[in-house]
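Just below is one structure, and these are the notes that go with it.
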């Protein structure tokens, strides 16, 4: 089995695939640990050698366009769920905003968030700005991994 790590964020985040099938995601945290997340859960590795040993295969690293280069799905460095229109940055609230069509007046927040509703914290990708204003939130996060870490921290309290 050969495994390919397709770079999404330069030296930070990769999609791990085998024969075109997604196996999971790989990221590097602030402590320079590699974090592999897949259907089996999340595992940490202190170096690439440990990661290769765990996967029991070689890894080919694809230096594809970084997410910042994919302007069609990025607003101020944060991923979006669709092609963004009218991108702006709300300086006061530090939110990258966009609309889903040229004429739309509904603003969406780019990136990953966690939102506290009455029943608890939930994860959200590109929520409406009105939702972020009405509820207690954390974000935006650049990756799903960062958002999941924040979610596990707030749920542990």
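List of remarks:
- Within the range 133-149, no residue satisfies the criterion of being exposed (fewer than 15 other Cβ atoms within 10 Å of the Cβ) and in contact with a helix residue (DSSP H, G or I) (Cβ under 6 Å, 6 or more places away or on another chain).
- Failed item in (1) over 30 Å from residue 156 (Cα atoms); (2) assigned by TED's automatic domain parsing to the domain that holds residue 10; (3) touching a strand residue (DSSP E or B) at 6+ places or on another chain (Cβ under 8 Å), with residue 49 passing the rest: (3)
- Selection status of residue 81, more than 17 Å from the chain's Cα centre (by Cα), in contact (Cβ under 8 Å) with a residue 12 or more places away in the chain, farther than 21 Å from residue 10 by Cβ and part of a loop (DSSP other than H, G, I, E, B): no
- Single unsatisfied condition, residue 109 versus (1) modelled with pLDDT of 95 or more; (2) surrounded by fewer than 21 Cβ atoms within 10 Å (Cβ to Cβ); (3) within 30 Å of residue 36 (Cβ to Cβ): (2)
- Residue tally, condition touching a residue at least 12 places away in the same chain (Cβ under 8 Å), part of a strand (DSSP E or B) and over 15 Å from residue 57 (Cβ atoms), over the range 15-33: 3
- Flag if residue 152 is over 20 Å from the mean Cα position of the chain (by Cα) and exposed (fewer than 14 other Cβ atoms within 10 Å of the Cβ): no
- Summed over the range 118-127, residues that are closer than 18 Å to residue 156 by Cβ and assigned to a strand (DSSP E or B) total 4.
- No other residue among 88, 130, 115 is at pLDDT 95 or above and either exposed (fewer than 12 other Cβ atoms within 10 Å of the Cβ) or not in a strand (DSSP E or B) (or both) apart from 130.
- Residue that is nearest to residue 98 (Cα to Cα) [pool: residues in the range 133-147 that are over 9 Å from the mean Cα position of the chain (by Cα) and in a helix (DSSP H, G or I)]: 133
The values are calculated or read from the model by the stated rules, or taken from the named source; none is laboratory data. Note that the coordinates shown come from a computational prediction; the quantities given were computed from them, not determined experimentally. Note: ideal-geometry Cβ built from the backbone for every residue, glycine included; neighbour counts use all protein chains shown.
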